[in-house]
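The values are calculated or read from the model by the stated rules, or taken from the named source; none is laboratory data. Source: prediction; values computed, not measured. Here Cβ is always computed from backbone atoms with ideal geometry, including for glycine, and neighbour counts include all displayed protein chains. Side chains are part of the model used for accessible areas, which takes the heavy atoms of the whole protein and leaves out ligands, DNA and RNA. Shrake-Rupley method; radii C 1.70, N 1.55, O 1.52, S 1.80 Å.
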Amino acid sequence: MGDDNKRSGSGLDRRHLLQAGLAAAFAAPLGAFGAAQAFAPQAIAPGVDLSEFPLCRTAADGPVLTGAPRKLKLSWNAGAVCLAPVPVAIEHGFFQKHNLDIELINYSGSTDQLLEAIATGKSDAGLGMALRWLKPLEQGFDVKIAAGTHGGCMRVLTRADSNVSKLADLKGKIVAVGDLGGPDKNFFSIQLAKLGIDPVKDVDWRAYPGNLLNVAVEKGEVQAFLSSDPLGYLWLKDSQYKEVASNLDGEYRDKSCCILGLRGSLVREEPQVARALTQALLDAAMFTAQNPAVTAKSFQPYAPKTASLADIEGMVRYHTHHHHPVGEVLKRELKSYADDLKSVQVFKQSTDTAKFAERIYVDVFAV
């Protein structure tokens, strides 16, 4: 119980957290680049309490863009509740505060396609998972990582009556995954390697459609499965499943799993615009951390009709929206993940991870 309360950052107990499943992943995709969402922002949100976020308080003291609002395209996955700060930034005026006119593009294509779209100017920025983005970025896309956005997306689940009760128990087991190259498979492979378990030789990973992972364990074809929120959170509402591990365990509860990437040419040619966009999203993340109930209402249009406001709020509370590193802290996290990916043979052994992190990150608040 104590550990779960630490993860949630709230007074919710495990029972309430497990009841907070959200099936936003079932939202219908709109294609690689779906129709842009149009919003009518409310009055600019009252000042966010920055006292808990000294780094962001300093960053927020920078110059404000002047002139006509700068139009930008921001790619996101509208079904991902962990990106709730995005509609918050629209509805509560954080983009408007920074003189930005944002067109949201619901993206459901591959990561390589998304990064290419950002690099070539079809989109100006995007949000995604670090362990999904870093391998393609190793190939040299002109995309700069400006901030982490939160932690807490990925889980290992199994049947409640299973003898798999900890990550080490996956040795010699068959584990279902939605994507053999997915960030959850990468993350838990890294954790297995740190336990002295070879994730390539000692675990049999098998791919299944993401919404049928639980069926695989029900049929006895696998002994556990990996799932990202919101599906993982939703399945945990059912008492026949239990959580074995998540990416909020141990040292990773203080690391970001999702990141903001900016078009390289935007950073070089319009650094103040890049800064404004990053700051607006950090402001929205702070608002999200401090106002989960209000945030739930902002995200509700994207959630399934079966998800109550209490469900959405539980998800918002669980994810660590108070953690969104920039600058040197971000660079250290990116290097750490690159080192981890090298340890499980996702990154080339010849990659200099310090140089890699230096190349892909940008401190927009240093301009």
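Please list, in chain and number order, the residues 5+ apart from W205 or on another chain whose amide H is under 5 Å from its amide H, with Hs placed from the backbone.
Sorted by chain and number, the residues that satisfy this are V175.
On the accessible surface of segment 182-285, probed at 1.4 Å, how many percent belong to carbon and sulfur atoms?
C and S atoms contribute 48 percent here.
Going out from 0 in 5 Å bins, what whole percent of all Cα-Cα distances in segment 227-367 drops into each bin?
All Cα pairs, binned at 5 Å, distribute as 2, 8, 14, 16, 17, 16, 13, 9, 4, 1, 0 percent.
Can you find, among L282, S265, S308, the residue farthest towards the positive end of the dipole of segment 262-310? Put +1 on the C-beta of Lys and Arg, -1 on that of Asp and Glu.
Checking the options against the dipole of segment 262-310, the answer is S308.
Which ³J(HN,Hα) values in Hz, rounded to whole numbers, follow from the phi angles of segment 184-200 under the Karplus curve 6.51 cos²θ - 1.76 cosθ + 1.60, where θ = phi - 60° and Gly and Pro get x?
5, 5, 4, 4, 6, 4, 4, 5, 5, 4, 5, 8, x, 9, 6, x, 8
Return the sequence-ordered ³J(HN,Hα) values of segment 263-272 in whole Hz as given by the Karplus equation 6.51 cos²θ - 1.76 cosθ + 1.60 applied to θ = phi - 60°, using x for Gly and Pro.
So the Karplus estimates, Gly and Pro as x, are 4, x, 5, 5, 4, 6, 8, 9, x, 5 Hz.
Starting from the amide H of Y361, placed 1.01 Å from N in the peptide plane, find each other amide H under 5 Å away whose residue is 5 or more places distant or on another chain.
Sorted by chain and number, the residues that satisfy this are I145.
Karplus couplings for segment 297-311 from phi (6.51 cos²θ - 1.76 cosθ + 1.60, θ = phi - 60°), rounded to Hz, Gly and Pro as x?
With the stated coefficients, segment 297-311 comes to 5, 5, 8, 3, x, 9, 8, x, 5, 6, 8, 7, 4, 5, 4 Hz.
Please report the accessible area of V64 (heavy atoms, 1.4 Å probe, ligands and nucleic acids excluded) in Å², nearest 10.
Ignoring ligands and nucleic acids, V64 comes out at about 90 Å².
Which sequence of R317, R332 reflects their accessible areas, 1.4 Å probe, from the largest down?
Output order, biggest surface exposure first: R332, R317.
Of K185/K335; K135/K331; K97/K297; K71/K135; K166/K305; K71/K97, which ones are farther than 22 Å apart at the Cα?
Correct reply: K71/K135; K166/K305.
Just by accessible area at a 1.4 angstrom probe, what is the order of E269, E138, E103, E251 from largest to smallest?
E269, E251, E103, E138
Positive end of the dipole of segment 84-206, charges at C-beta (+1 Lys, Arg; -1 Asp, Glu), about the Cα centre: which of G178, S165, H150 has its Cα farthest in that direction?
S165
Would you please state the base-10 log of I(q)/I(0) at q = 0.12, 0.16, 0.17, 0.22 1/Å for segment 93-186, with intensities from the Debye formula using one equal scatterer on every alpha carbon?
Taken in order of the listed q values, log10 I(q)/I(0) reads -0.56, -0.83, -0.89, -1.21.
Please list log₁₀ I(q)/I(0) at q = 0.12, 0.15, 0.19 Å⁻¹ for segment 259-320, using the Debye equation with identical point scatterers on the alpha-carbon positions.
These q points yield log10 I(q)/I(0) values of -0.42, -0.58, -0.74.
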